[in-house]
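J.: Take a look at this one; I'll ask things after.
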Amino acid sequence: YGLHAEDYEQLHRWLQDEIRRAWQNRITTMHMGRLWFRNLFANLALLPSSRPITKLTVHQPTVVVGAGPSLDPILPELQAVRRQLFLLAVDTAVPVLAAHGITPDAVVAVEPQHANLSDFLGIDHRSTLLLTDTFSFPPIARLFPAQNRMFFSSHPVDCRLIRRLTAMDLLPAPIPPLGSVGVA
C-alpha cells in the first residue's frame with residue numbers, strides 16, 4: 001500500500017462506488033417493483049394494437065435531446081435545422097422544445113410514475129411517435145394513437161414472469177437497464 005497509495009485509494013473508491021450502485025439498484029427495485037408490474041400488466045393490453053418498435057426506420061440524421069443544461073444553448077441552431085433531421089426527445093425535454101415552437105418526431109418515456117404526465121400537454125399526439133417502456137406509466141401510452149405508439153421492454157428485474165413472457169414472445173424488443181434512476 002505504501003508504494004502505490006494513490007492507486008489503492010482510487011481502487012477503493014471504485015469498489016465503494018460499485019457496492020453503492022448495486023445496493024441503490026436493489027433498493028430501487030424493492031421500492032418500485034410493485035408499480036413496475038402494475039404498469040406492465042396495464043401496458044400489455046396495449047401491445048397488440050401498437051406498432052412494433054422494430055419497424056421504426058429513420059432516414060435522416062438523428063439528434064437526441066434531453067432536458068439538461070446543454071439543451072438551451074442549442075435551441076436556436078435546432079430551430080434552424082429542424083426540418084433536416086429526426087428529433088428524438090426525452091419526455092422532460094418536450095415542454096422546453098414546445099416553448100420554442102419545436103415539435104419532436106419522437107419522444108421516449110420511461111418514467112413509471114405520473115410525474116412526467118404533464119410533459120405531454122400540448123404535444124401533437126397524432127404526429128409524434130411515442131417510444132415507451134412496458135414498465136412506464138400507462139396513461140402516457142394511452143395519450144397516443146396506436147399507430148404512433150411503440151413499446152420496448154427494459155427488464156428492470158430478473159424474475160420468472162419476465163423470463164416466461166420473453167420466452168413466449170409476448171414482450172417487445174428489450175433494452176438493458178442502465179441504472180437506478182430510470183429503468184432503461
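J.: Between His4 and Asp124, what length comes free when the chain is fully extended (0.36 nm per residue of separation minus the Cα-Cα distance, one decimal in nm)?
T.: 37.3 nm
J.: Around His31, with a cut-off of 15 angstrom between Cβ atoms, what is the net charge of the other residues, counting Lys and Arg +1 and Asp and Glu -1?
T.: Working: positive: Arg26, Arg34, Arg38; negative: Glu111.
Taking every other residue near His31 into account, the sum is +2.
J.: If you don't mind, there's one more thing I want to ask. Determine ³J(HN,Hα), in whole Hz, for all residues of the range 125-135 in sequence, where each value follows from phi through the Karplus function 6.51 cos²θ - 1.76 cosθ + 1.60 and θ = phi - 60°; x replaces Gly and Pro.
T.: 5, 7, 10, 10, 7, 10, 9, 9, 7, 5, 9
J.: With springs connecting C-alpha atoms under 10 Å apart, model the chain as a Gaussian network and identify which of Pro69, Pro52, Pro139 has the largest mean-square fluctuation.
T.: Answer for the Gaussian network model of the chain: Pro69.
J.: Given an 8 Å cut-off on Cα distances and at least 6 residues of separation, report the relative contact order of the chain as a percent.
T.: Result for the chain is 22 percent.
J.: Might you tell me the accessible area per residue for the range 59-142, computed with a 1.4 Å probe and given in Å²?
T.: Values: 4150 Å² over 84 residues.
Computed with neighbouring chains in place, this is 49 Å² per residue.
J.: Please state the shape class of the chain: rounded when a/c is under 1.5, otherwise prolate if a/b exceeds b/c and oblate if not, all from the C-alpha gyration tensor. The partial results should precede the final answer.
T.: On the way: a/c = 2.18, a/b = 1.25, b/c = 1.74.
It comes out oblate by the Cα gyration axes.
J.: Select from Ala173, His31, Asn116 the residue farthest towards the positive end of the dipole of the chain; place +1 on Cβ of Lys and Arg, -1 on Cβ of Asp and Glu, and compute about the Cα centre.
T.: Ala173
J.: Quote the relative contact order of the range 111-172 in percent (integer), defining contacts as alpha-carbon pairs under 8 Å separated by 6+ residues. Display every interim value, and only then the final one.
T.: On the way: 57 pairs, mean separation 19.1, N = 62.
Reported relative contact order: 31 percent.
J.: Pull up all non-local amide H partners of Val65: gap of 5 or more, or a different chain, and H-to-H distance under 5 Å with H placed in the peptide plane.
T.: The list, which skips near neighbours in sequence, is Leu88, Ala89, Val90.
J.: Within the range 1-40, what residues put their amide N at less than 14 Å from the label point 7 Å along the Cα-to-Cβ vector of Arg142?
T.: 39-40
J.: Can you give the accessible area of Trp14 in Å² (nearest 10), computed on protein heavy atoms with a 1.4 Å probe?
T.: The value for Trp14 is about 150 Å².
J.: Could you please state, rounded to a whole Å, how far the C-alpha centre of the range 136-157 is from the C-alpha centre of the range 18-63?
T.: Between the Cα centre of the range 136-157 and that of the range 18-63, the gap is 8 Å.
J.: On to the next question. Report the net charge of residues surrounding Ser118, where surrounding means a beta-carbon distance below 14 angstrom and charges are Lys +1, Arg +1, Asp -1, Glu -1.
T.: Values: positive: none; negative: Asp91, Glu111, Asp119.
Result for the neighbourhood of Ser118: -3.
J.: Of the listed peptides 162-171, 115-124, what is their order by residue-averaged count of other C-beta atoms within 10 Å, with the highest listed first? Don't skip to the answer; put the middle values down first.
T.: Values: 162-171: 12.7, 115-124: 15.0.
Per-residue mean Cβ counts within 10 Å order the peptides as 115-124, 162-171.
J.: With all protein chains present, how much of the accessible area of the chain (probe radius 1.4 Å) comes from carbon and sulfur, to the nearest whole percent? Can you show the working numbers first?
T.: Working: 6670 of 11260 Å².
Solvent-exposed carbon and sulfur of the chain make up 59 percent of the total.
J.: Also: How much solvent-accessible surface does His125 expose, in Å² to the nearest 10, with a 1.4 Å probe and all protein chains in place?
T.: My reading of the accessible area for His125 is about 40 Å².
J.: In nanometres, what is the gap between the two model label sites at Arg163 and Thr103, each 7 Å from Cα along Cα-to-Cβ?
T.: For Arg163 paired with Thr103, the spin-label model returns 4.6 nm.
J.: Of Tyr1, Gly101, Ala146, which is farthest along the charge dipole of the chain in the positive direction, counting Lys and Arg as +1 and Asp and Glu as -1 at C-beta?
T.: Checked the options; the winner is Ala146.
J.: Pick from Gln84, Gln24, Gln113: which is most flexible by mean-square fluctuation in a GNM of the chain where alpha carbon atoms under 10 Å apart are linked?
T.: Per the Cα network of the chain with a 10 Å cutoff, Gln84 tops the list.
J.: How much length would be gained if the chain were fully extended between Leu47 and Gln16, taking 0.36 nm per residue of separation minus their Cα-Cα distance, in nm to one decimal? Mind showing how you got there, number by number?
T.: Details: separation 31, 0.36 × 31 = 11.16 nm, distance 4.05 nm.
Difference between extended and current length: 7.1 nm.
J.: Once you charge only the Cβ atoms, +1 for Lys and Arg and -1 for Asp and Glu, what is the size of the charge dipole of the range 28-162 about its Cα centre, to the nearest 20 debye? The partial results should precede the final answer.
T.: Working: 10 positive and 9 negative charges, 102 e Å.
Magnitude of the dipole: close to 500 debye.
J.: Another question, then. Quote the FRET efficiency, to the nearest 0.05, computed for Thr54 versus Ile74 with a Förster distance R0 of 22 Å and r equal to the Cβ-Cβ distance.
T.: Working: r = 30 Å, r/R0 = 1.36.
The pair Thr54/Ile74 has a calculated efficiency of 0.15.
J.: Once the Cα atoms of helix 5-44 and of the chain are each reduced to a long axis, what angle between those two axes, in degrees from 0 to 90 to the nearest 10, is obtained?
T.: Compared with the principal axis, the helix lies near 40 degrees.
The values are calculated or read from the model by the stated rules, or taken from the named source; none is laboratory data. Just so you know, these numbers come straight off a predicted model, no measurement behind them. In this analysis, Cβ positions are derived from the backbone assuming ideal geometry, glycine residues included, and neighbour counts consider all displayed protein chains. Please note that ligands, DNA and RNA were not included when accessible areas were found on the heavy atoms of the full protein model with its side chains. Shrake-Rupley method; radii C 1.70, N 1.55, O 1.52, S 1.80 Å.
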